[in-house]
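Here is the structure we will look at, set down as C-alpha cells.
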Ligand SMILES: [Zn+2]
Ligand SMILES: [Zn+2]
C-alpha cells in the first residue's frame, strides 16, 4: 500500500490543503478522473482508464476529514453464463473518515479501521483508492448476467442458447443403445 514520493500521485488521492483544519470548513470536489487501475470483480469491473465521476464533499471535523458523496463509473464485463460482453454503470456512496496523524483517533485506532490524512505519503491528502475499491466490490454483482433468464451455453456444442434456434438440442442416442448398435454392426460384418 505504501506509495513513495516520486511516483505520480493517483487521481484518487485528493489534495485537501486548502480545506484548512477549522472544524466545519468544507470543500466540494467534483471532477471526472481516469481510473488509475481496473476496479471490480473477476467478471465485471471498471476498466483502467475509464472515467470515474467523483461528486464529493470534504469536511474538516475535529479529529480529521470526513469525505462523503458518490463515485460513478461505467463498467464492462461478461455474462457469467453465456460470456456475452456486458456494459453498465456502477455508483457507490462513500462516507469515509480520515484522521489527522496527531489526533486522538490516530492514537486509538488502527490505520485499517480509519484512514489517515497523509497516508499516501503526501501531507494534506486523503487517499480514496481503497474505500472506492471496497465499495465497488460490494456494489457489483458476483454473477453478472446479460439478462436475468440467460439460458447460458449449450453443454454439447457451446453456442449461446439465447440466440440459438428455439428448441436447440442434439439427438443423443442412449449410451446403452449405442453399445447395442455397435454389437449389431459387428455382427453384420
Ligand atoms: Zn448471458
Ligand atoms: Zn448445442
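Of 80, 72, which residue is in a strand (DSSP E or B) and under 19 Å from residue 40 (Cβ atoms)?
Numbers: 80 fails: in a strand (DSSP E or B).
Going through 80, 72 in turn, just one is in a strand (DSSP E or B) and under 19 Å from residue 40 (Cβ atoms): 72.
Each row is one residue, and each column tells you yes or no for (1) farther than 21 Å from residue 79 by Cα; (2) modelled with pLDDT under 95; (3) assigned to a loop (DSSP other than H, G, I, E, B); (4) within 16 Å of ligand 1 (Cβ to nearest atom).
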{"site": "118", "(1), (2), (3), (4)": "yes, yes, yes, no"}
{"site": "134", "(1), (2), (3), (4)": "yes, no, no, no"}
{"site": "150", "(1), (2), (3), (4)": "no, no, yes, yes"}
{"site": "164", "(1), (2), (3), (4)": "no, yes, yes, yes"}
{"site": "167", "(1), (2), (3), (4)": "yes, yes, yes, no"}
| remark: Scanning region 81-91 residue by residue, those surrounded by fewer than 19 Cβ atoms within 10 Å (Cβ to Cβ), more than 16 Å from ligand 2 (Cβ to nearest atom) and touching a residue at least 24 places away in the same chain (Cβ under 8 Å) turn out to be 84, 86, 88, 91
| Top-ranked residue of region 52-76 - restricted to ones that are more than 19 Å from residue 36 (Cβ to Cβ) and touching a residue at least 60 places away in the same chain (Cβ under 8 Å), ranked as farthest from ligand 2 (Cβ to nearest atom) | 65
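Collect the residues in region 83-92 that are part of a strand (DSSP E or B) and either under 15 Å from residue 139 (Cβ atoms) or within 13 Å of ligand 1 (Cβ to nearest atom) (or both), keeping them in residue-number order.
Our first condition is that a residue be part of a strand (DSSP E or B); within region 83-92, this holds for 85-92.
Hits for region 83-92 are 85, 86, 88, 89, 90, 91, 92.
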| request: Tell me which of these residue 145 doesn't satisfy, since it passes every other one: (1) modelled with pLDDT of 90 or more; (2) under 26 Å from the mean Cα position of the chain (by Cα); (3) assigned by TED's automatic domain parsing to the domain that holds residue 54. | output: (3)
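The values are calculated or read from the model by the stated rules, or taken from the named source; none is laboratory data. All values reported here derive from a predicted model rather than from experimental measurement. Every residue, glycine among them, receives a Cβ derived from its backbone with ideal geometry; neighbour counts consider all protein chains shown.
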